[in-house]
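Visitor: Here it is: the structure, laid out below.
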Amino acid sequence: MPRKILLITLWFTLRLRAQSPPAPETWNLYWQATSIGQYHPGFPSPYQGPLSLFPHPEAEDSLTSTFFFGYRLARNTQFYFNPELAGGRGFSGTDGIANFPNGEMPRVASATPTPYIARLYITQDFGFGEARAYFESGINQLAGSRPATRYSVTVGRFSMEDFFDDNRYSHDPRTQFMGWAAMYNGAWDYPADTRGYTWGWVHEFHTPRWSVRYGSGGVPTVANGMHFDRRIFRDRGDVFEGDVNVRAGTVRLLSYINHADSGTYAQAIRLAEQTGTKPNINLTDRPGTVKYGFGLSADQELVKGVGVFTRLGWNDGKTQSFMFTPIDRLASGGVSVNGAWWRRPNDTVATAITVSGISSVHALYLERGGLDFMIGDGTLRYGPEYASETYYSAEVWPGVFVSADLQHITNPAYNRDRGPVWVASLRLHIETGKK
C-alpha cells in the first residue's frame, strides 16, 4: 500500500511539473540567418520597359542575419532590440513583378550586406483582473506571463507586419511562402521605409477570445524612400484591426488610411494629355494625399497538422502605390501540411495561389507608359497577375532548415503580352537561441 501511494504521489508531481507555467525570463537572445538563391529561365517578351522583369535568364541571391534581444525591464514592461544585416539582389533590380518572388529582398540599392537597426521598441502592459496568460520563450517574446486581459502600448521602431495582418501559415518569408503578396496582404500599402520598417506606436487591447489594435507609423518622403517624413500630424499611416479566435483558427479584419505627399493616377493622365508626354505620377504629388483600404486574413486548422488560410485585400486604386507594392486588389489562399504525417514533425509542405489586380485607372496609367516605383513595361495589355507557389521545408539538423520552392507567375506586372515565368528557389534558414 505505501508503494502504491508513493507511485500516485510521484505521478501527480510529474503531471503538475509538466503543466507548470514557464519561469519568467529576465532576458533572452535569438539569432537567425537566411539565404535565398533564385533562378528564372528566359520567357516570352515582345517588348520591355524601364521597370520590366528581364526576359533573359537571371540568377540572384539574398542574405539576412538578425539578432533578437529581449529584456524585461519590469513585470509588465519589455524591451526588444534587433540589429540586422541584409544584402543581395533581386531579379532585374527588384522590378517587374507586383507579387515579387523573394520576401527577403527589399528594394535596396546595394548588394553588399549592410547593418542597420530593424527593431528597437518598448512594450508596456496594463492588466485587468488577476488572470495571466503564459508564453514560451521565442523571438521577440520573453517566457513568462502577461495579463490575460490587457491594454498594451508599444513605442519605437518595428514593422507594422509584426502586429497586423498575421497568419499562422503565411507570414514569414524565412520559413514559409516567399511571394510578397502571399506573405503579407499586398493591397495594404503599409507604412514603411525601403527595408519594411517604420517608427511609430501600437495600441492593443487583448482578451482570451478576441483583440483589437490601432497603430500609427511614419511614411517616407518619396515613394519607397529611406527617409521619413517628420510631419506626422499631416503625413503618416494609420491602421486598425480586430481579430477573433474561432476554434483552431483566427479571423482578422484590417483597415488603413495613409496620408502622404503622393499623387493620383487620374491626375497624372490628365497632365500627360495636356503636355503630350507620358504620364508621371511623381509630378502630381500633393501634401496629405489620402489612400485607404481594407483587408481580411484567416487561418483554420482542419485536422491536426493540416491547415488552410486565405487573404483578401482592396484599396481605393486611385492613389499612388507608395510603400509596399503596386497591388490594388488581392485574393490568396492555400493549404499547409505538417511533416508529422510522415514522421518528420519539423518539416512543412505547403501550396498557395495569389491573384493580384489593379484598378482601371491604374491600368490605363501603365498602358500609356507610366511607371510605378517597381513596375512599368512602357505599355500594357492588362490581365490579373497570377502566382502559384509550392515549397517543402525540411529540418536537416536541429535549427537548420532547407527549403525547395517553385513559383509560376502569369502576366508579370499585369501584362498579358509578357510571360509566364517560372521561379525556382533554394532557401537555407538557421535559427538558434540562448535564454
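Visitor: With the requirement that a residue be polar (S, T, N, Q) and loosely packed, with under 15 Cβ neighbours inside 10 Å, what does the range 393-435 give you? First the steps, then the outcome.
Guide: Of the residues in the range 393-435, the ones polar (S, T, N, Q) are 393, 403, 407, 410-411, 415, 425, 432.
Passing the criteria: only THR432.
Visitor: Something else: Looking at TRP201, TRP188, can you tell me which residue is in a strand (DSSP E or B) and closer than 29 Å to PHE81 by Cβ?
Guide: Details: TRP188 fails: in a strand (DSSP E or B).
Sole residue among the options that is in a strand (DSSP E or B) and closer than 29 Å to PHE81 by Cβ: TRP201.
Visitor: Also, I was wondering about something else. Kindly list the number of the only condition in (1) more than 30 Å from LEU29 (Cβ to Cβ); (2) outside any loop (DSSP other than H, G, I, E, B); (3) touching an Asp or Glu at 6+ places or on another chain (Cβ under 8 Å); (4) not aromatic (Phe, Trp, Tyr) that fails for LEU426.
Guide: Unmet condition: (1).
Matching residues to (1) over 21 Å from the mean Cα position of the chain (by Cα); (2) exposed (fewer than 14 other Cβ atoms within 10 Å of the Cβ); (3) within 21 Å of PRO384 (Cβ to Cβ); (4) free of Cβ contacts under 8 Å to residues at least 40 places away in the same chain:
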{"position": "TYR292", "(1), (2), (3), (4)": "no, no, no, yes"}
{"position": "LEU296", "(1), (2), (3), (4)": "no, no, yes, no"}
{"position": "GLY307", "(1), (2), (3), (4)": "no, no, no, no"}
{"position": "GLN320", "(1), (2), (3), (4)": "no, no, yes, no"}
{"position": "LEU330", "(1), (2), (3), (4)": "no, no, yes, no"}
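Visitor: Identify, please: which residue in the range 257-279 is assigned to a strand (DSSP E or B) and out of contact with any Gly (no Cβ under 6 Å at 6 or more places or on another chain) and is, among those, farthest from ASN315 (Cα to Cα)?
Guide: Restricting to residues being assigned to a strand (DSSP E or B) and out of contact with any Gly (no Cβ under 6 Å at 6 or more places or on another chain), the top hit is ASP261.
Visitor: If a residue has to be more than 30 Å from LEU51 (Cβ to Cβ) and crowded, with 17+ Cβ neighbours inside 10 Å to count, how many in the range 80-90 make the cut? Explain how you work it out, then say what you get.
Guide: To start, the set of residues in the range 80-90 that are more than 30 Å from LEU51 (Cβ to Cβ) comprises 80-83.
Now drop any that are not crowded, with 17+ Cβ neighbours inside 10 Å, which leaves 80-82.
The number of residues fulfilling the criteria is 3.
Here's the yes/no breakdown for (1) modelled with pLDDT of 95 or more; (2) part of a strand (DSSP E or B):
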site	(1), (2)
VAL361	yes, no
LEU364	yes, no
GLY370	yes, no
PHE373	no, no
THR379	yes, no
ALA387	yes, yes
THR390	yes, yes
SER393	yes, yes
VAL396	yes, yes
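Visitor: Check the range 261-268 and report whether any residue there is among the hydrophobic types (A, V, I, L, M, F, W, C) and in contact with a strand residue (DSSP E or B) (Cβ under 8 Å, 6 or more places away or on another chain). Give the steps one after another, and end with the answer.
Guide: Looking only at the range 261-268, we keep the residues that are among the hydrophobic types (A, V, I, L, M, F, W, C), and these are 266, 268.
Next, only the ones that are in contact with a strand residue (DSSP E or B) (Cβ under 8 Å, 6 or more places away or on another chain) stay: none.
No; the residues of the range 261-268 include none that is among the hydrophobic types (A, V, I, L, M, F, W, C) and in contact with a strand residue (DSSP E or B) (Cβ under 8 Å, 6 or more places away or on another chain).
Visitor: Looking only at residues in the range 262-277 that are surrounded by fewer than 13 Cβ atoms within 10 Å (Cβ to Cβ) and β-branched (Val, Ile, Thr), which one is farthest from MET323 (Cα to Cα)?
Guide: THR275
Visitor: Further, regarding this structure: For the range 95-146: of the residues being among the β-branched types (Val, Ile, Thr), under 30 Å from PHE54 (Cβ atoms) and surrounded by fewer than 22 Cβ atoms within 10 Å (Cβ to Cβ), which is modelled with the highest pLDDT?
Guide: Residue satisfying both the conditions and the ranking: THR114.
Visitor: Return the total of residues in the range 167-190 being among the charged types (D, E, K, R), more than 18 Å from ASP95 (Cα to Cα) and more than 8 Å from the chain's Cα centre (by Cα). Walk me through how you get there before you give the answer.
Guide: Our first condition is that a residue be among the charged types (D, E, K, R); within the range 167-190, this holds for 168, 172, 174, 189.
Next, only the ones that are more than 18 Å from ASP95 (Cα to Cα) stay: 168, 172, 174.
Okay, now just the ones that are also more than 8 Å from the chain's Cα centre (by Cα), so 168, 174.
Summing the residues that are among the charged types (D, E, K, R), more than 18 Å from ASP95 (Cα to Cα) and more than 8 Å from the chain's Cα centre (by Cα) in the range 167-190 gives 2.
Visitor: In the range 240-261, what residues are among the hydrophobic types (A, V, I, L, M, F, W, C), crowded, with 20+ Cβ neighbours inside 10 Å and more than 16 Å from THR289 (Cα to Cα)? Walk me through it before giving the result.
Guide: First, the residues of the range 240-261 that are among the hydrophobic types (A, V, I, L, M, F, W, C): 240, 244, 246, 248, 251, 253-254, 257, 260.
After this cut, where a residue has to be crowded, with 20+ Cβ neighbours inside 10 Å as well, the list is 254, 260.
Across the range 240-261, the qualifying residue is only LEU254.
Visitor: Now for a different question. Within the range 4-15, is even one residue farther than 30 Å from VAL421 by Cβ, at pLDDT 50 or above and surrounded by 10 or more Cβ atoms within 10 Å (Cβ to Cβ)?
Guide: For the range 4-15, residues farther than 30 Å from VAL421 by Cβ, at pLDDT 50 or above and surrounded by 10 or more Cβ atoms within 10 Å (Cβ to Cβ): absent.
The values are calculated or read from the model by the stated rules, or taken from the named source; none is laboratory data. Here the structure is a predicted model, which is why all the values come from computation and not from measurement. So basically every Cβ, Gly included, is an ideal-geometry build from the backbone, and we count neighbours across all protein chains shown.
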